[in-house]
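To keep things clear, I will list the structure first and then write my remarks on it.
The values are calculated or read from the model by the stated rules, or taken from the named source; none is laboratory data. Please read these numbers as outputs of a predicted model, since none were measured by experiment. Because the Cβ atoms are built from the backbone with ideal geometry, glycine has one as well, and the counts that use them run over all protein chains shown.
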Amino acid sequence: MGLGALRNVSLKKARELANQWRSILHEGRDLIKERNKQKCEAMRNLHYLKDIALDAFESRKAELKDDGKDGHWFLPLRLHILPKLGCLPVSEITQTKIRNTLALIWHTKAGTARTALMRLNLCLKHAADLGLDVDLQAVTKAQALSGKQRHKVTNLPAMDWKDVPAFYQFLCKTQNITHLALRLLILTGVRTRPLRHIHKDQVDGGGVPN
């Protein structure tokens, strides 16, 4: 069994490899099978987080509204996790790397950071289900390292019903798409999500929803 080409392996490294394989042979193990096993393990651990994240998303589509077509589930990963960690093998994802990745938004966008952590945790669990070597405690440990979030949630008060007529009159002064959507919301009481995702073919020529 060869140890590699002379130009690629130093004499010191060759001696270390020779000693390693002699130890394996001394234990009665088949050298070729052992090398193939190591290659398989190395390949298994080269699954990048970006690929695992996409696969996890695909496997969860049936649980998401409209199969996750709005991209809401994947968005925290795409914006805050994958730009820095996406090209790393999942086996190399550690608590310190996660903490450093979310450090900029940990206090300023606390809710977004928590959501990104939850999505990442699901991705790591998905990787483990695939038989990959991952640290399933990495997210929990990253939270502990990051400390308590300073961000305080403040509720946005609803508009008093007595102010709605004047607000509607203000909206009627322009044909701004946002103002039109708000007028439709006030007149129909429709939920905001269908309104935000409305398409042209759902509105007739007079501007009335079909």
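Among residues of segment 14-49 being of a type in the set (A, V, I, L, M) and under 30 Å from LEU124 (Cβ atoms), the one that is modelled with the lowest pLDDT is MET43. LEU184 is checked against (1) in a helix (DSSP H, G or I); (2) in contact with a strand residue (DSSP E or B) (Cβ under 9 Å, 6 or more places away or on another chain); (3) within 22 Å of ARG78 (Cβ to Cβ) and fails just one. What number does that condition carry? If we test LEU184 against (1) in a helix (DSSP H, G or I); (2) in contact with a strand residue (DSSP E or B) (Cβ under 9 Å, 6 or more places away or on another chain); (3) within 22 Å of ARG78 (Cβ to Cβ), just (3) comes out false. If you take the residues in segment 47-92 that are among the aliphatic types (A, V, I, L, M), surrounded by 13 or more Cβ atoms within 10 Å (Cβ to Cβ) and more than 10 Å from the chain's Cα centre (by Cα), which one is nearest to VAL139 (Cα to Cα)? Restricting to residues being among the aliphatic types (A, V, I, L, M), surrounded by 13 or more Cβ atoms within 10 Å (Cβ to Cβ) and more than 10 Å from the chain's Cα centre (by Cα), the top hit is VAL90.
For every residue, the table says whether it meets (1) more than 31 Å from the chain's Cα centre (by Cα); (2) of a type in the set (A, V, I, L, M).
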{"residue": "GLN137", "(1), (2)": "no, no"}
{"residue": "VAL153", "(1), (2)": "no, yes"}
{"residue": "LYS162", "(1), (2)": "yes, no"}
{"residue": "ALA166", "(1), (2)": "yes, yes"}
{"residue": "GLN175", "(1), (2)": "yes, no"}
{"residue": "ARG196", "(1), (2)": "no, no"}
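Restricting attention to segment 137-160, the residues that are under 30 Å from ILE186 (Cα atoms) and either in the same structural domain as ALA103 (by TED's automatic domain parsing) or modelled with pLDDT of 85 or more (or both) add up to 4. Could you tell me whether segment 91-106 includes any residue that is touching a Gly at 6+ places or on another chain (Cβ under 9 Å) and not charged (D, E, K, R)? Scanning segment 91-106 turns up at least one residue that is touching a Gly at 6+ places or on another chain (Cβ under 9 Å) and not charged (D, E, K, R).
Please verify whether THR154 is without any contact (Cβ under 8 Å) to a residue 40 or more places away in the chain, among the polar types (S, T, N, Q) and crowded, with 17+ Cβ neighbours inside 10 Å, treating the condition exactly as stated. No. Here ARG99 passes the criteria (1) surrounded by fewer than 17 Cβ atoms within 10 Å (Cβ to Cβ); (2) among the basic types (Lys, Arg); (3) closer than 15 Å to ALA142 by Cβ except the one numbered (1). In segment 166-178, the residue that is nearest to ALA110 (Cα to Cα) out of those that are part of a helix (DSSP H, G or I) and at pLDDT below 90 is THR178. Considering segment 164-181, the residues that are under 16 Å from ARG196 (Cα atoms) and aliphatic (A, V, I, L, M) include one that is surrounded by the fewest Cβ atoms within 10 Å (Cβ to Cβ), namely ILE177.
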